[in-house]
Amino acid sequence: MTEQIKNTGFEEMTLNMGPQHPSTHGVLHLLLKMDGEVITEARPDIGYLHRGMEKLAEKRTWGANIALSDRWDYIASMSNNFAAVLGPEKLMNITVPKRAEYIRVIMAELNRIASHLIFFGTYGIDIGAFTPFFYAFREREMILDLYESVCGARLTYNYFRIGGVSADLPADFVPGVKSFIDYFRPKLKEYDTLLSTNPIFMDRTVGVGNISKEEAIDWALSGPNIRASGVNFDIRKDDAYSVYNEFDFNIPTGKNGDCFDRYMVRMNEMKESARIIEQAIEKLEPGDIIAKVAKVVRPPAGEIYTHVEAPKGELGVYCISDGSTLPYRYKVRGPSFVNLAILQKMLKGLKIADVVAVLGSIDIVLGEVDR
Amino acid sequence: MIKIFKYTWAILKGMGITFKYFFIRPVTVQYPKEKVKISSRWRGTLKQLRNEKGEEACDGCRICEKICPVNCISMEVYKDEKKNRRFTSSYVVNFGRCMFCGLCVEACPKKCLVHTPDFEFCAYDRESLILAKDKILR
Ligand code: SF4
Ligand code: SF4
């Protein structure tokens, strides 16, 4: 028997992971070819959640597309709304009122915290710590309650409108956000005790799934994944949209680009988001929340690419208008989809036990991968 | 050996945090028995309002029908010559399709279409998700 193994090696085995696997964060199907415990080939098989969003968008008015955009990355809908409104606004040269801009920024940053909290919780589960999940969801619940008081929905907000936002903030929103941030800051320290400084967690993540600087650029990663590899790329700074150039915030970066760095970048980003929210609240002044725009817009013919820094990376929308009420083409660049591609490279040579750690650390959401 | 102590200490520290929460009021809501407070802006199922005279306020302008991204509102309209205004003879919302986006409510010029705070709407089959005017006009 040993003789035989020496001559021919182990027989290669194919393992189907997912689409119904608790650690694939949705319906990802991974085809793993393995030599013993070592992965020789990994192929993500996507499309289980495909709804044809881009085709659907061509048959919906520009305004209705904002409601559809909620369904791309359904745990960070505000960022999707942001990406969906910027294009038509630029085509039509609409100046958004200042108050609306600040409200948008507050919403988008709260959403970043909420999205990273989900990452924190589920990543803990992936590694084997169940407690952080409950704490993360407890904090996220407060953000969702704030959203509910503003726009009446907890997941698919449909809050942004072309030219502004749909409703003004209720009276108790600003005190609510302030008390949330005061509550949230000490909690981050608690999270550090639970995971960030936990030696069990660090043993599983430090040095696992390294992405070098060059690789990260070659595979067109974005968001926390590219920053963890040491590339200082953030659309909020590099191609500032909305009013992001008015705020003072840092961009956390990592060094080694391993799972732990990707985790740490997200944890630090939450702190920076909290800082942005505080500054935006200071700048809030009474005023209009929506510019004067027709109910059904007809952007002039032309094409445009706008992108925002969504919690998962660069979320871009490329739209072509032919001057009618419907977009002619509506292409979405989902960050999760692009980030997922590097998985086939990263997993090669890793042990099967690390698959979940690596997959969790690139933080995908399947609604955005498949669209 | 050192590793074992390190791991145990980490676990104990984590447990310490969990232990702290023994003495704090739980945040969990025992849902069917207790209910959470719903915001007044909650986007639940739809309902139509009557005007101050007690007749239906909707005049069948079809704006909500047109703006709905998933085409789940349908209606038939007739003109009442005596009262010199339009009425809907049928107004059906298919809640199996509705995604509670609120665009129809926002667009209604008569402000007679509103959301209810109802978030528990459910049914055993798809037919019962289609509500006609007798359920919507309240
Ligand atoms: S809430 Fe949205 S989906 Fe539902 S009927 Fe109104 S417009 Fe249509
Ligand atoms: S928009 Fe309002 S008034 Fe017009 S048909 Fe719909 S419910 Fe009636």
Selection count where residues are within 14 Å of chain B (Cβ to nearest Cβ) and small (G, A, S), scope the stretch A:191-243: 1
Condition met for A:T95 (assigned to a helix (DSSP H, G or I) and β-branched (V, I, T)): no
Residue satisfying condition, being at pLDDT 85 or above and more than 14 Å from every other protein chain (Cβ to nearest Cβ), within set A:K59, A:K33: A:K33
Selection within the stretch B:18-36 - away from chain A (no Cβ under 14 Å) and outside any loop (DSSP other than H, G, I, E, B): B:F23
Unmet requirement for B:I11, which otherwise passes all of (1) more than 29 Å from A:E148 (Cα to Cα); (2) within 14 Å of chain A (Cβ to nearest Cβ); (3) within 16 Å of ligand 1 (Cβ to nearest atom): (3)
Considering residues of the stretch B:37-52 that are more than 12 Å from chain A (Cβ to nearest Cβ) and in contact (Cβ under 8 Å) with a residue 60 or more places away in the chain only, the residue surrounded by the most Cβ atoms within 10 Å (Cβ to Cβ): B:L46
Qualifying positions in the stretch A:121-177 - of a type in the set (V, I, T), part of a helix (DSSP H, G or I) and at the interface with another protein chain (Cβ under 9 Å from one of its Cβ atoms): A:T131, A:V150
Hits in the stretch A:275-319 (condition: under 20 Å from A:F82 (Cβ atoms), without any contact (Cβ under 8 Å) to a residue 40 or more places away in the chain and more than 21 Å from the chain's Cα centre (by Cα)): A:Q279, A:E303
Counted residues, the stretch A:1-30 - those being at pLDDT 65 or above and part of a helix (DSSP H, G or I): 6
Single match in A:E272, A:E303, A:E282, A:E309 (criterion: of a type in the set (D, E, K, R) and in contact with a helix residue (DSSP H, G or I) (Cβ under 7 Å, 6 or more places away or on another chain)): A:E309
Residue under evaluation B:C104, criteria (1) within 13 Å of ligand 1 (Cβ to nearest atom); (2) under 11 Å from B:T45 (Cβ atoms), criterion not met: (2)
Only listed residue being at pLDDT 80 or above, touching a strand residue (DSSP E or B) at 6+ places or on another chain (Cβ under 7 Å) and more than 30 Å from A:K55 (Cβ to Cβ), chosen from B:S39, B:S90, B:S74: B:S90
Subset of the stretch A:189-234 [of a type in the set (G, A, S) and part of a loop (DSSP other than H, G, I, E, B)]: A:G207, A:G209, A:S212, A:A220, A:S222, A:G223, A:S229, A:G230
Matching residues, the stretch A:62-80, being under 24 Å from A:R112 (Cα atoms), in a helix (DSSP H, G or I) and either of a type outside the set (G, A, S) or at the interface with chain B (Cβ under 8 Å from one of its Cβ atoms) (or both): A:G63, A:A64, A:N65, A:I66, A:A67, A:L68, A:M78, A:N80
Filtered residue count, the stretch B:56-80, keeping only those that are more than 9 Å from ligand 2 (Cβ to nearest atom) and away from chain A (no Cβ under 14 Å): 5
Test result for B:I136, away from chain A (no Cβ under 14 Å) and near ligand 2 (Cβ under 10 Å from one of its atoms): yes
Out of A:I320, A:I342, sole residue that is under 23 Å from A:Y123 (Cβ atoms), among the β-branched types (V, I, T) and touching an Asp or Glu at 6+ places or on another chain (Cβ under 9 Å): A:I342
Breaking point among (1) away from ligand 1 (no atom under 16 Å from the Cβ); (2) more than 15 Å from the chain's Cα centre (by Cα), for B:C58: (1)
Residue ID - surrounded by the fewest Cβ atoms within 10 Å (Cβ to Cβ), chosen from residues in the stretch B:81-127 that are more than 12 Å from ligand 2 (Cβ to nearest atom), within 14 Å of chain A (Cβ to nearest Cβ) and charged (D, E, K, R): B:D118
From B:E76, B:E65, residue being within 16 Å of ligand 1 (Cβ to nearest atom), over 30 Å from A:P132 (Cβ atoms) and among the charged types (D, E, K, R): B:E65
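The values are calculated or read from the model by the stated rules, or taken from the named source; none is laboratory data. Not measured: the values here are computed from a predicted model. Cβ sites come from the backbone with ideal geometry, for glycine too, and all protein chains shown count toward neighbours.
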